[in-house]
Structures are given as structure tokens and as C-alpha cells.
Amino acid sequence: MDHEKYMKRCYELAVRAGKKGFDTFGAVLVHNGEILEEAENTADWDKGIFGHAEFNLVHQCANRYSDAVLRGSTLYTSCAPCERCLCAIASLGVENVVFGVSYEAFSQLTPGEASPVDRESLLRGLGIRMKLTGPVLEDEGMHVFEWWGGDYRPLKELIAEMADVKAGHKEEGAMIEYRKITDFPRGTVYDILRDAYSFDDRNKQIWDKNWKETDDFFYDNPDIADRYGLVSCLDGKPIGFVTWDPRSRPEYVEIGHNGIREQYKGRGYGRLQLEEAIRRIRTYAGLKRIIVCTNSNLIAPKNYESAGFVLYDRKPNETESAFTGDYLYYEMIL
């Protein structure tokens, strides 16, 4: 099969998505040399819409084509699919996937590095047959990302910018440590919360009393504070904290407050703090899942999704804090 022909179409779809303001990814399903379906990325983080190109393609094909047709088809995608998309593709019954840009190459444009995971073997262990082929026209595919989000930027500039971010993370990450809440004086939790939500004065007007009560609770109950919470420190300075409620074990543990001081946002500290909390929560024997509730107009949803949480419910926010967006309910199945 002419992989390059269909991959070029994926790249065209990806660029088209980018020029619309979405992430630059595209996918097609091919059977006997004919393109059956096409899809672009339509992810909208503000609305909590996953919208990956492969995911959209799967939904277009579901219950439309027979298992025999799907099994005999090949799914082409402009970039190696994420784990969630791989699961979606597997549920469709497609056994052949061809990607343009590899995980390793794409990691040049992300804060993290590609994980050396044998995805075919993992799927095989679940009784799922899938062949991953690629990369195909990778150099051409990398230049597709120049249209990411609608504004053209040269690939070299994007890679150099991310290299600087990674270098900063390595340098700063070495100085990050996680300490007990009670290592710091009363008022620290309140001060972090006030700072973390300082981007909108309405937050303080609504939540100031709650923040003070939260601070009082943890310092009045030091054993709870130190067993079910942590403070992120940079050069000894508290820059964030996270807590969790274990009372519903083994069914679930719920993440509570999770905040980073405003000046440290967007630098990877929130993600590191969340990962440390998840690591500690995972040590509870027999735990089934981790849950969290956040709001759609905050940056938190993207942070939780990048850590592996999946949206399972959404409810309108009709309270005085409606400006923060709908309530989003996420879970991580363990």
C-alpha cells in the first residue's frame, strides 16, 4: 500500500485543523485503497473536549462499517497516537496503524521525553492485535506543527523554544522538594491559595473565608495535614501544595486543594506536584480510582488530563463562582 499517499492526506488535514486554531493532527481510514473516513483534531481544552483526530475518526466509523471491513482497513495518522487514542482504535477493531511523526520526534515539541514503551506488546497482553508502522515522511510531518494553533512559526524556532523549557525544567526540577505542611508556619496554606487564585479578584471575594478555614483545619490537625498533603518547595520556598481525602477507600481517594503560586505556573511545577501526590496515593492497597472535581475555565483540566485523568461527568455551575466555568469530574482508574 502507498503509505506516503495517505500520509500526505493526513498532513493536509492536520494543517487545515491548525489553521482553524486547533492542534495540528489529522487521520484517515483506508480500505482496499479507498479513503473511507477522514478526521481532524478538534480538541477544546476550555470545554473539556478531547477531540484528537484518531478519536474523532473512531467515532465516525463506529457502527458504520462491519468488523470485517474495519479489521481489513488501515488507520493513518499524522503523529503516533496517544494511549487514549490507541485504546479507541483497538475498540474499533482496526489492526493496522501507520503514523507519520514518531513519539521520539514529537517529544522535541513537548516538555517531556518519549517513553520507551512497547505498545504492541502491552495491547497483545490484553488480547488485542495491532501493528504500528512508522514513521512515514517524518520530516514533512514535523513541519506540519508550524501551523499549531493557527499562527505560523518555523519548526526550528518551536524546537529551540521547547529545548529551553526542558533545560529550565531540568535545572529547576533538581531543586524541587516535597515537604510536610507543618514544616511551615500557620497561614502558609492560606497564602498559597490566595496567591494561586489571584488572577481574578472575584476568587478572593468568594473563597477567602474557605481558604482561612482550610488553613486552620490543617494546622489544627497536624497528623492529617502531614499524612494527606504535601508542600512543593523551590530552594526551600513553599510554591504550592496539594491535599487528598482518603476516607472513601478502597473505592476512591479524592484530590482536594491543588494550587501553585501564580508566578510559578506554566513551568511544569503543577504537573510535578500532581504526579507526586498520585505516586503517594497509589501506595494505598486495593485502591480502585482517584477522583477530582475542578472547573472548566481554569487551567487545571489540562493538567489533570495530561496526567492521565479522564473526564466522566460535567455539571453546570449555577453558584456565585459560575465565572470559573462548569464543574468537571475526572477519574483515574487504577
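The values are calculated or read from the model by the stated rules, or taken from the named source; none is laboratory data. Because the structure is predicted, anything quoted here is derived from the model rather than measured. Neighbour counts are summed over all protein chains in view; Cβ atoms, including those assigned to glycine, are modelled from backbone coordinates with ideal geometry. The area values use the complete protein model at the heavy-atom level, side chains included, leaving out ligands, DNA and RNA. Shrake-Rupley method; radii C 1.70, N 1.55, O 1.52, S 1.80 Å.
Filtering Ala53, Ala43, Ala68 for residues that are open to solvent by less than 40 Å² (accessible area, probe 1.4 Å) and modelled with pLDDT of 95 or more leaves a single hit, Ala53. Is at least one residue of segment 150-159 touching a residue at least 24 places away in the same chain (Cβ under 8 Å) and touching a strand residue (DSSP E or B) at 6+ places or on another chain (Cβ under 7 Å)? The answer is no, given that none of the residues of segment 150-159 is touching a residue at least 24 places away in the same chain (Cβ under 8 Å) and touching a strand residue (DSSP E or B) at 6+ places or on another chain (Cβ under 7 Å). Total residues in segment 189-227 satisfying the condition of being buried (at least 19 other Cβ atoms within 10 Å of the Cβ), touching a strand residue (DSSP E or B) at 6+ places or on another chain (Cβ under 9 Å) and more than 19 Å from Tyr264 (Cα to Cα): the figure is 3. Number of residues in segment 97-140 that are surrounded by fewer than 16 Cβ atoms within 10 Å (Cβ to Cβ), of a type in the set (A, V, I, L, M, F, W, C) and assigned to a loop (DSSP other than H, G, I, E, B): the value is 3. Residues that are under 19 Å from the mean Cα position of the chain (by Cα) and touching a residue at least 24 places away in the same chain (Cβ under 8 Å) do not occur anywhere in segment 58-72. Considering segment 247-265, the residues that are part of a helix (DSSP H, G or I) and out of contact with any Gly (no Cβ under 9 Å at 6 or more places or on another chain) include one that is farthest from Lys302 (Cα to Cα), namely Gln263.
Per the listing His143, His169, the residue uniquely open to solvent by 30 Å² or more (accessible area, probe 1.4 Å), at pLDDT 90 or above and at negative phi is His143.
Exactly one residue among Leu29, Leu109 is free of Cβ contacts under 8 Å to residues at least 60 places away in the same chain and either farther than 27 Å from Arg271 by Cα or under 20 Å from the mean Cα position of the chain (by Cα) (or both), and that residue is Leu109. Scanning segment 266-325 for residues that are of a type in the set (D, E, K, R) and assigned to a loop (DSSP other than H, G, I, E, B) yields Arg267, Arg282, Lys288, Glu318, Glu320. Scanning segment 81-92 for residues that are surrounded by fewer than 20 Cβ atoms within 10 Å (Cβ to Cβ) and either of a type in the set (A, V, I, L, M, F, W, C) or not in a helix (DSSP H, G or I) (or both) yields Cys82, Cys87, Ala90. Taking the listed residues Arg202, Arg247, Arg280, Arg289, the one that is modelled with pLDDT of 85 or more and closer than 22 Å to Phe184 by Cα is Arg280, with no other qualifying.
Residues that are without any contact (Cβ under 8 Å) to a residue 40 or more places away in the chain and β-branched (Val, Ile, Thr) were ranked within segment 259-301; the one that is most open to solvent (accessible area, probe 1.4 Å) is Ile299. For segment 311-325, taking the residues that are touching a residue at least 60 places away in the same chain (Cβ under 8 Å) and either open to solvent by 60 Å² or more (accessible area, probe 1.4 Å) or of a type in the set (Asp, Glu) (or both), the one that is nearest to Asn203 (Cα to Cα) is identified as Glu320.
Residues of segment 233-258 that are open to solvent by less than 30 Å² (accessible area, probe 1.4 Å) and aromatic (Phe, Trp, Tyr): Phe241, Trp244.
When segment 8-40 is examined, which residues are found to be of a type in the set (Asp, Glu) and either modelled with pLDDT of 95 or more or assigned to a helix (DSSP H, G or I) (or both)? Selection gives Glu12, Glu34, Glu37, Glu38, Glu40.
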